[in-house]
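Encoded as structure tokens, the structure appears first; notes follow it.
The values are calculated or read from the model by the stated rules, or taken from the named source; none is laboratory data. Just so you know, these numbers come straight off a predicted model, no measurement behind them. Quick reminder, even Gly has a Cβ in these numbers, built from the backbone with ideal geometry, and neighbours come from all protein chains shown.
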Amino acid sequence: MSDGSTHPYYGSPACWARYGEVLAREFQDPAYFGLHQLTVDAYAVQHPGIPERRAIQSVALHLITLGMIVENRFDPGQGPRLHRRIVERPSFDWLDPPPMEGRMTVLDVVSAQGPREHQRLVRAWAEDVWQAWAPHHQVVRGWIGELGLS
């Protein structure tokens, strides 16, 4: 277990540290960076925080991009551009987080051996996490439609 720092609602120090390792790998080597947006989105929605404005907005933003990429095959490299459009919406509603037990996590990705395995694991992780949020897919799809992103 790590005694290091963490994000206000993004998981334990140990989990946050593993996430940092994955991000460092993605930023240090372009061969790992292709699905970076999925890494960020999957991690964020697995650590939704509590029902307060910042967490609500974060989960909504990351579920929208996750859904766009997983379901609509949106280019993950366009995530930041997409985020700029999403934040134009003044507010979203809290979605009760699904159970994450038994789901893939950043721990599955951190052990990747090489860029191909990293990409495969990140995509599998993102799809698994998106599936966990299935009870809210219609709401997220509605937000996508309201934002004119579909």
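Of note:
- ASN72, sole failed condition from (1) surrounded by 14 or more Cβ atoms within 10 Å (Cβ to Cβ); (2) in contact (Cβ under 8 Å) with a residue 24 or more places away in the chain: (1)
- Selection of helices (runs of 4 or more DSSP H) fully inside region 13-122 by the criterion of at least 2 residues being basic (Lys, Arg), out of contact with any Asp or Glu (no Cβ under 7 Å at 6 or more places or on another chain) and more than 20 Å from HIS136 (Cα to Cα) returns 13-28, 79-86.
The rows are residues; the columns are (1) of a type outside the set (Val, Ile, Thr); (2) touching a residue at least 60 places away in the same chain (Cβ under 8 Å); (3) within 20 Å of GLN37 (Cβ to Cβ).
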position: PRO76; (1), (2), (3): yes, no, yes
position: ARG84; (1), (2), (3): yes, no, yes
position: VAL87; (1), (2), (3): no, no, yes
position: PRO97; (1), (2), (3): yes, no, no
position: GLN113; (1), (2), (3): yes, no, no
position: GLU117; (1), (2), (3): yes, no, yes
position: ARG120; (1), (2), (3): yes, no, yes
position: GLN138; (1), (2), (3): yes, no, no
position: GLU146; (1), (2), (3): yes, no, no
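- Scan of region 99-109 for residues that are without any contact (Cβ under 8 Å) to a residue 24 or more places away in the chain and under 17 Å from LEU121 (Cα atoms), ordered by number: GLY102, ASP108
- Of ALA14, ALA24, all but one fail to be modelled with pLDDT of 95 or more and hydrophobic (A, V, I, L, M, F, W, C); the exception is ALA24.
- Residue in region 66-74 that is among the small types (Gly, Ala, Ser) and farther than 16 Å from GLY148 by Cα present: no
- Within region 40-60, residues that are among the basic types (Lys, Arg) reach partners that are surrounded by fewer than 18 Cβ atoms within 10 Å (Cβ to Cβ) with beta carbons closer than 9 Å, at six or more positions or on different chains, in the pairs ARG53/SER91; ARG54/PRO8; ARG54/TYR9.
- Residues of region 137-150 classified as more than 15 Å from the chain's Cα centre (by Cα) and assigned to a helix (DSSP H, G or I), total: 8
- Filter result for GLY67 (closer than 15 Å to ALA126 by Cα, in contact with a Lys or Arg (Cβ under 8 Å, 6 or more places away or on another chain) and not hydrophobic (A, V, I, L, M, F, W, C)): yes
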